[in-house]
Amino acid sequence: MTNVIETRDLCRTFGSEETEVIALDHVSIDIEEGEFTAIIGPSGSGKTTLLHLIGGLDEPNSGSVMLSGSNIANMNGNQLSDFRRDHIGFIFQAYNLIPVLSAEENIEYIMLLQGVGAAERKKRVREMLAMVELEGLGDRRPAHLSGGQQQRVAVARAMASNPDIILADEPTANLDSKTGISLLDVMRDLNQQRNMTFVFSTHDEKIMERATRLIHLRDGKVELDERK
Amino acid sequence: MLAFRLAFRNLFRNTRRTVLTSLLISSALIVLILVDGLMLGMKDVMVGGITHTLEGEAQVVRKGFRNNFEVEYTIDDPTEVISQIETSDAVAGFAPRVIVGGMIASSYNTTGGLVYGVDAKQELDVSRISDAIVRGKYLSGEPREILIGEPMADLLEVDLGDRLIITAATVDTNEITQELFRLSGVFEFGPEEMDKNLIFVNLDQAQDVLGMQGNLHQIAMRFVDPEDPKNPELPLFKQLTNDKNEALGWLDLQPSIGALIEMSSYTTAIVGTILFLLTSLGVINSMFMSIYERIYEFGVAKAIGTTPWQIMQLVLFEALLLALFSCVFGLTIGYLLGDYFSVNGIPMGKMEVSGIVIDGNMYTRLALYQFINFPVYVTLLTVAAAIYPAAFASRIVPTEALQRAL
């Protein structure tokens, strides 16, 4: 199996010299294609920071991130945007859909950025909505969808660009238990059917149960890395 | 299309703010249209005051005559000059004149004045002497008719039918001559300088009294196209100008009015600049408020792969739509108000500018360019004002913005 994510000696600190907080301390991990990985640990252990660095949303103080063989430190702003658009799908804890766009349009948006033709976009939107079991709700705006439905739209949006990696930051944190399990099953199915690599940051035991690998972070360091 | 929908919907997330900003932009456009319309109207009054009152749109005179109105400076070969004017298609009308300084006396008083010998019929095509008559009647060509201004009539203490005597030097012998007239009409042009000093008599009688049969001091002209006399290279001017005579348009005859008109153009530019600056500040403020409200969305958009340039485009597109909405509203109201004031006028009171009296209302004049150029300027400047907020939005750091969503 090939590594789609490789981090080497990742360090990230926040604050000034006197109030410095070490969020990540020399984190080196390899994640293989198709893995369903959960990064777990207590609050402040560096989970979200690690996801942000892997996704190129933030820059490390030192160390490197290689995604599908490309060192993202060598990319400029536009190249990084393009790389994220084509290779990474994001799912956020607070769903973060664009409120003025309908569910369909939120999914379509990323394909528009990719330059996908209108007919193809429509076709893929229908597929994505079916995949996350939201047929018939495509014309609803986020305000008219439940939390679970919004997160499903967010999953569909993350999948719409056919990325290699899905990064999900506590995706079930705002969902009730039943909805969270349902969403996880959707994501697990996608992982198995499409061999997409999923990386979660989570406190959720349900995710931990379903994950094929658990990376334990504590105080910015990898405490334990276990494959099931 | 999705980008359009996104920009459109973003614009109307906060309808009140969008409407207020749009009102600000459209108000600037409306004021600009009205100010420019007013300037055009004022220009019309100024030009009309010069060209239509007495001077005509152009004049043929003997070179040097305009310096101090010396009576011996008569037009060289006036018959040929008139023939050339008559055959020109560009000329709508012309009025031959003699002009001489003299004394005018009544039974009670005496004063100086500028005596114009005019052809009553031809003056109707060139000047407004006939329209300026407030008492009595205009010249009919009968002997001994004379027109004077109201202030002069007051000074001389004369009424219609009273006798007046003009004393002047003859052109041919330079001897003093006198002629009796009876007041047939009293005029009021408006500018006090004209009403106190001008005297009109019939051309043939003036030529007889002054001993200058067939000779003329001035031929005033009106043109079919009012733009023609502004062109110093007009073929007719070239044709009529020689080493003795000169033909000049009103801009050369009244350079101070030309400068005043040029200044009125700057006024529109200055008002426009001030309005645009103020409007730009409003647009910048509104766009920033809109961006701050959506900062996490921009963070998400960047996180999922929207480039900084695409973010910038989105904000600029929103500004463009805002400008277009504002222009539609501004043009409609600007047209309605401009049209209303072009008919009913804006009350300005009485004022005199460079010898031109503006009495009562000032009328706006609408022009096509106001409805093409001004909205384009407003649109471009609104979009330009949005560049700064757009650049700010494009530089939003996703990780910082995403924290606001939590």
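The values are calculated or read from the model by the stated rules, or taken from the named source; none is laboratory data. Quick caveat: nothing in here was measured; it's all calculated off a predicted structure. Don't worry about glycine lacking a Cβ; one is built from the backbone with ideal geometry, like all the others, and counts go over all protein chains shown.
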**Message:** Is it the case, given these coordinates, that residue A:119 is among the hydrophobic types (A, V, I, L, M, F, W, C) and more than 14 Å from chain B (Cβ to nearest Cβ)?
**Reply:** no
**Prompt:** If we keep just the residues of the stretch B:313-336 that are surrounded by 18 or more Cβ atoms within 10 Å (Cβ to Cβ) and within 12 Å of chain A (Cβ to nearest Cβ), which is nearest to residue A:75 (Cα to Cα)?
**Reply:** B:314
**Request:** Quickly run through the stretch A:114-146 and pick out the residues that are closer than 27 Å to residue A:173 by Cβ and buried (at least 16 other Cβ atoms within 10 Å of the Cβ).
**Result:** A:125, A:128, A:129, A:131, A:132, A:134, A:137, A:138, A:140, A:141, A:142, A:145
**Request:** Output the residue which, of all residues in the stretch B:1-19 that are in contact (Cβ under 8 Å) with a residue 60 or more places away in the chain and within 17 Å of residue B:285 (Cβ to Cβ), is farthest from the other protein chains (Cβ to nearest Cβ).
**Result:** B:17
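Taking the condition of being more than 17 Å from the chain's Cα centre (by Cα) and not in a loop (DSSP other than H, G, I, E, B), how many residues in the stretch A:212-228 meet it? Let's see the steps before the verdict.
Applying the first criterion (more than 17 Å from the chain's Cα centre (by Cα)) to the stretch A:212-228 yields A:216-228.
Subsequent filtering for residues that are not in a loop (DSSP other than H, G, I, E, B) retains A:216-218, A:221-227.
Total satisfying the criteria: 10.
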**Request:** Give, as residue ranges, the helices (runs of 4 or more DSSP H) completely inside the stretch B:194-279 that count at least 1 residues that are of a type in the set (Asp, Glu).
**Result:** B:203-210, B:250-253
**Fill in**
Scanning the stretch A:94-106 for residues that are more than 17 Å from residue B:310 (Cα to Cα), more than 7 Å from chain B (Cβ to nearest Cβ) and crowded, with 23+ Cβ neighbours inside 10 Å, the one nearest to the chain's Cα centre (by Cα) turns out to be A:95
**Message:** Please count how many residues of the stretch A:77-88 are at the interface with chain B (Cβ under 8 Å from one of its Cβ atoms) and surrounded by fewer than 17 Cβ atoms within 10 Å (Cβ to Cβ).
**Reply:** 4
**Request:** Exactly one condition in (1) more than 27 Å from residue A:159 (Cα to Cα); (2) buried (at least 20 other Cβ atoms within 10 Å of the Cβ); (3) free of Cβ contacts under 8 Å to residues at least 12 places away in the same chain is not met by residue A:18; state its number.
**Result:** (2)
**Message:** Condition check: touching a residue at least 40 places away in the same chain (Cβ under 8 Å) and within 11 Å of chain B (Cβ to nearest Cβ). Does residue A:91 satisfy that?
**Reply:** yes
**Item:** Enumeration of residues in the stretch A:167-195 that are within 20 Å of residue A:96 (Cβ to Cβ) and of a type in the set (A, V, I, L, M)
**Value:** A:167, A:168, A:173, A:175, A:183, A:184, A:186, A:187, A:190
**Request:** Answer with yes or no whether residue B:382 is part of a loop (DSSP other than H, G, I, E, B), crowded, with 21+ Cβ neighbours inside 10 Å and either modelled with pLDDT of 90 or more or touching a helix residue (DSSP H, G or I) at 6+ places or on another chain (Cβ under 9 Å) (or both).
**Result:** no
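Filter the stretch A:39-49 down to residues that are away from chain B (no Cβ under 12 Å) and part of a helix (DSSP H, G or I), then give me how many there are.
Step one: list which residues in the stretch A:39-49 are away from chain B (no Cβ under 12 Å), which gives A:39-47.
Restricting the remaining residues to those that are part of a helix (DSSP H, G or I) gives A:47.
Number satisfying all stated conditions: 1.
Yes or no: the stretch A:68-76 includes at least one residue that is in a loop (DSSP other than H, G, I, E, B) and either more than 14 Å from chain B (Cβ to nearest Cβ) or modelled with pLDDT of 90 or more (or both). Spell out how you get there, then give the answer.
Kept after step one, since they are in a loop (DSSP other than H, G, I, E, B), are these residues of the stretch A:68-76: A:68-69, A:75-76.
After this cut, where a residue has to be either more than 14 Å from chain B (Cβ to nearest Cβ) or modelled with pLDDT of 90 or more (or both) as well, the list is A:68-69.
The answer is yes, given that some residue of the stretch A:68-76 is in a loop (DSSP other than H, G, I, E, B) and either more than 14 Å from chain B (Cβ to nearest Cβ) or modelled with pLDDT of 90 or more (or both).
Tell me, please, whether a residue that is closer than 19 Å to residue B:229 by Cα and polar (S, T, N, Q) can be found in the stretch B:21-36.
no
Is one or more of the residues making up the stretch B:116-128 closer than 30 Å to residue B:339 by Cβ, part of a loop (DSSP other than H, G, I, E, B) and not assigned by TED's automatic domain parsing to the domain that holds residue B:330?
Quick first cut of the stretch B:116-128, residues closer than 30 Å to residue B:339 by Cβ only: B:128.
Still in the running and part of a loop (DSSP other than H, G, I, E, B): B:128.
Then keep just the ones that are not assigned by TED's automatic domain parsing to the domain that holds residue B:330; that gives B:128.
Yes, because at least one residue in the stretch B:116-128 is closer than 30 Å to residue B:339 by Cβ, part of a loop (DSSP other than H, G, I, E, B) and not assigned by TED's automatic domain parsing to the domain that holds residue B:330.
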**Prompt:** Taking the stretch B:292-312 as the region of interest, how many residues are away from every other protein chain (no Cβ under 11 Å) and modelled with pLDDT under 90?
**Reply:** 2
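Does residue A:186 satisfy being surrounded by fewer than 20 Cβ atoms within 10 Å (Cβ to Cβ) and at negative phi? Please lay out each step first, then the result.
Working: surrounded by fewer than 20 Cβ atoms within 10 Å (Cβ to Cβ): yes; at negative phi: yes.
It is true that residue A:186 is surrounded by fewer than 20 Cβ atoms within 10 Å (Cβ to Cβ) and at negative phi.
A quick yes/no check of all residues on (1) closer than 23 Å to residue B:128 by Cα; (2) surrounded by 17 or more Cβ atoms within 10 Å (Cβ to Cβ); (3) in contact with a strand residue (DSSP E or B) (Cβ under 8 Å, 6 or more places away or on another chain); (4) of a type outside the set (A, V, I, L, M):
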site	(1), (2), (3), (4)
B:217	yes, yes, yes, yes
B:234	no, yes, yes, no
B:246	no, yes, yes, yes
B:279	no, yes, no, yes
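Looking at the structure I just gave you, is residue A:226 surrounded by fewer than 22 Cβ atoms within 10 Å (Cβ to Cβ) and in contact (Cβ under 8 Å) with a residue 60 or more places away in the chain? Walk me through how you get there before you give the answer.
Numbers: surrounded by fewer than 22 Cβ atoms within 10 Å (Cβ to Cβ): yes; in contact (Cβ under 8 Å) with a residue 60 or more places away in the chain: no.
Here the answer is no, as residue A:226 does not meet what is asked.
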**Request:** Search the stretch B:217-231 for residues that are under 24 Å from residue B:117 (Cα atoms) and pair each with any residue that is among the aromatic types (Phe, Trp, Tyr) and in a loop (DSSP other than H, G, I, E, B) when their beta-carbon atoms are under 8 Å apart and the residues are at least 6 apart or on different chains.
**Result:** B:217/B:69; B:217/B:73
**Item:** Which numbered condition residue B:100 misses (of (1) in contact (Cβ under 8 Å) with a residue 12 or more places away in the chain; (2) in a helix (DSSP H, G or I))
**Value:** (2)
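Picking from B:133, B:85, B:99, which residue would you name as being in contact with a His (Cβ under 7 Å, 6 or more places away or on another chain), buried (at least 17 other Cβ atoms within 10 Å of the Cβ) and aliphatic (A, V, I, L, M)?
Numbers: B:133 fails: in contact with a His (Cβ under 7 Å, 6 or more places away or on another chain); B:85 fails: in contact with a His (Cβ under 7 Å, 6 or more places away or on another chain).
Of B:133, B:85, B:99, the one residue that is in contact with a His (Cβ under 7 Å, 6 or more places away or on another chain), buried (at least 17 other Cβ atoms within 10 Å of the Cβ) and aliphatic (A, V, I, L, M) is B:99.
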**Request:** Read through the list (1) at pLDDT below 90; (2) in contact with a Gly (Cβ under 7 Å, 6 or more places away or on another chain); (3) outside any loop (DSSP other than H, G, I, E, B); (4) of a type outside the set (Phe, Trp, Tyr), then give the number of the only condition that residue A:190 fails.
**Result:** (2)
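Tell me, which residue of the stretch A:23-64 that is among the hydrophobic types (A, V, I, L, M, F, W, C) and within 17 Å of residue B:399 (Cα to Cα) is surrounded by the fewest Cβ atoms within 10 Å (Cβ to Cβ)?
Going residue by residue through the stretch A:23-64, those that are among the hydrophobic types (A, V, I, L, M, F, W, C) are A:23-24, A:27, A:29, A:31, A:36, A:38-40, A:50-51, A:53-54, A:57.
Filter once more, keeping what is within 17 Å of residue B:399 (Cα to Cα): A:23-24, A:50-51, A:53-54, A:57.
Values: A:23: 27, A:24: 26, A:50: 29, A:51: 21, A:53: 25, A:54: 25, A:57: 24.
Taking the candidates together, the pick is A:51.
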**Asked** For residue B:118, are the conditions met, namely being over 24 Å from residue B:176 (Cα atoms), buried (at least 17 other Cβ atoms within 10 Å of the Cβ) and at pLDDT 90 or above?
**Response** no
